[in-house]
């Protein structure tokens, strides 16, 4: 069994050979001795313990400061993410509005084009019909043979009516096919 002086002497040897000193709460309970080297060792232990505690306190303060900065950065990051999400939602809403406006514009342009085609087709049909009717009427008034002209007039009206219905049917089919089914 080792007595108290042997323990202190062992600690002194370890301090000299390995530069290891007692620290922590154990240093506080060491009693002063009458031996100078023991008193110097105890004072060195107390000084080193105080320095180690100061270093740990500095590290703790630095870590706490970094944690505080990280928490602030996390709050800023979260607010930026919310702002970005709001901006994304707004951009998507504006995109949807633009697509809807473009769709309305395209449909209006298609309807205008269809209207123009129908008007031109009707004008051509009416003009050909009027012209043919005038020619047929003039031939009858002049007493000319109208057999050939009558057949041509009848065929022409049949073809014009068929073509006009075909044009209108095609336009209506295109209109029906381009409508969106919702």
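A few notes on this one:
- In whole angstrom, the chain maps to an equivalent ellipsoid with semi-axes of 117, 14, 10, each derived as √(5λ) from the alpha carbon gyration tensor and ordered largest first.
- Estimated 222 nm signal from helices in the chain, with DSSP H stretches of n ≥ 4 weighted -39500 (n - 2.57), rounded to 500: -32000 deg cm²/dmol
- For the chain, built as a Gaussian network whose Cα springs stay under 10 Å, the top-fluctuating residue of 101, 58, 36: 36
Read-outs throughout are calculated quantities, based only on the coordinates presented, and are distinct from any laboratory measurement. Keep in mind that what you see is a predicted model, and the values were worked out from it rather than measured.
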